[in-house]
Amino acid sequence: MTTTLSSEAIIAAESAHTSGVYAKRPLAIVRGEGARLWDADGHEYIDCVGGMGAVNVGHCNPAVVAAIREQADTLLSCTELFYNDQRAAYLNELAAVMPDGLDRLFLCNSGTEAVEGALKFARLLTGRPGIIAAIHGFHGRTMGALSATWEPKYREPFAPLIAGVQHVPLNRIEDLDEVVNEQTGAVLLELVQGEGGVRRADSEYVAAAARLARERGALLVIDEVQTGFGRTGRLWACEHFGITPDIMALAKSIAGGLPMGAIAINNRLGALTQGSHGSTFGGWPLACAAARAALRYILDNDLPRQAAEKGAYLTERLSALKLPRVREVRGLGLLVGLELKERVGPFIEPLMERGVLALVAGPNVLRLLPPLVIEYDQLDRVVKAIDEVLR
């Protein structure tokens, strides 16, 4: 379907009724393909927002679109009160590529739901209320996930949140050692903090977190909502660190752009209590069909390898610019951040004017989350635009 409305008309119509919670950019996106987006006036953009990391396989991936069309003609919704062929097939296919032992899966609808459920399961399985999370970590905006999110501007308007959550600095083992105790049910970490500034955990710190949790009866919960499905150069970021978590939260690119999430639970923890959690739309057949197609595409096209190679290329090109405003270029795979010596906000619109859509990550980090199918000439265009804007 092609829109006949101008960007100005779309913006006016949406602004009349939107809730107000979003700081929207003055852009009306109406079409996407691969790593490209178009606005209603026909202008083309290289997408380094990537649906906040939800389109690793690219916009309107043909395999995903075909799977959605076929399933839409067959069955859209089927609650987990009943078994379903698409759900059964996807659970089997996803479990086959999870880290060893993580083959019990709960399907939901988003990243914040996955984290919320993971925290519930940690409490249920340990009988302990405490949650340890990292400073600068971001885990979602529902009440439990929000409690574990560090950024005060997200949390403070909704206080009091759930009790028993402590935040400690990332990569300081001694601080973690001090707080993990007999009341701790979950140690919750992102292996690369996305929203928090593209900060990578140290391997020694992750190993220590796993050891402390195991020794003290807590569960290690890894949030792979943004880092999963090839983003960091491996199918799962935890593969870089040589650990298998007790619980892992997945979402974003799980279903090729459709809303979906999953919680993977280590089989050594046993089955969960019936009725302890649930979801009306979790595991709905349309999302499962899309997720099957997305996973097959990721594996068949070795998108993790592509993310590793393209991420290294992008990081090297950006570092070689030696821009005076840039303190550091960092990341893992195609999760890339440029830490500036000043606030990043003023540079977002000039990038947009040059045909590049990018994210902020905290006050002074420019974050790039392109689809993993982005082409090298498109990466070159991104580097050129960043050079022009930041120089």
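With 10 Å bins from zero, work out the P(r) of the chain over every alpha carbon pair and list the percent per bin.
5, 23, 32, 27, 11, 2, 0
Rank-order 234-243, 172-181, 189-198, 208-217 by packing density, defined as the average count of other C-beta atoms within 10 Å over each peptide's residues, highest first.
189-198, 234-243, 208-217, 172-181
Could you provide, to the nearest whole Å², the per residue accessible area of the range 55-97 with probe 1.4 Å?
Value returned for the range 55-97: 59 Å² of accessible area per residue.
Mind jotting down the distance between the C-alpha centroids of the range 288-323 and the range 138-195, whole Å?
Cα centroid to Cα centroid, the span is 29 Å.
Quick check on packing: order 130-139, 369-378 by the mean number of other C-beta atoms within 10 Å, highest mean leading.
Numbers: 130-139: 24.2, 369-378: 22.0.
Top to bottom by mean Cβ count within 10 Å: 130-139, 369-378.
Taking the chain as a Gaussian network, Cα atoms linked when under 10 Å apart, which of LEU340, LEU219, LEU250 shows the biggest mean-square fluctuation?
Checking each option, the largest mean-square fluctuation is seen for LEU340.
Please compute the Kirkwood hydrodynamic radius of the range 1-129 from all pairs of different C-alpha atoms, in Å with one decimal.
18.7 Å
So how far, in whole Å, is the C-alpha centre of the range 7-30 from the one of the range 207-241?
Centre-to-centre (Cα) distance: 37 Å.
Do you know the relative contact order of the chain, to the nearest whole percent, from alpha carbon pairs under 8 angstrom that are 6+ apart?
About 22 percent, as a whole number.
Could you tell me what percent of the accessible area of the range 1-107 is made up of carbon and sulfur, with a 1.4 Å probe and every protein chain present?
55 percent
Across all directions of projection, what mean area in square nanometres is found for the Cα convex hull of the range 138-269?
8.4 nm²
DSSP loop chymotrypsin sites (Phe, Trp or Tyr not before Pro) in the range 10-58 with at most 11 other Cβ atoms within 10 Å of their Cβ, which ones?
On the way: sites: TYR22, TRP38, TYR45; in loops: TYR22.
Here the sparse-neighbourhood loop sites are TYR22.
Under a cut-off of 20 Å between alpha-carbon atoms, report the aspartates and glutamates in cross-link reach of LYS120, not counting same-chain residues fewer than 8 places apart.
Of all the aspartates and glutamates, those that pass the test against LYS120 - Cα under 20 Å, at least 8 places apart if same chain - are GLU80, ASP103, GLU182, GLU190, ASP223, GLU224, ASP246.
The values are calculated or read from the model by the stated rules, or taken from the named source; none is laboratory data. As the structure is a computational prediction, the values presented were derived from the model and not from experiment. Glycine also receives a Cβ, built like all others from the backbone with ideal geometry; neighbour counts cover every protein chain displayed. With ligands, DNA and RNA removed, areas are computed over all heavy atoms of the protein, side chains included. Shrake-Rupley method; radii C 1.70, N 1.55, O 1.52, S 1.80 Å.
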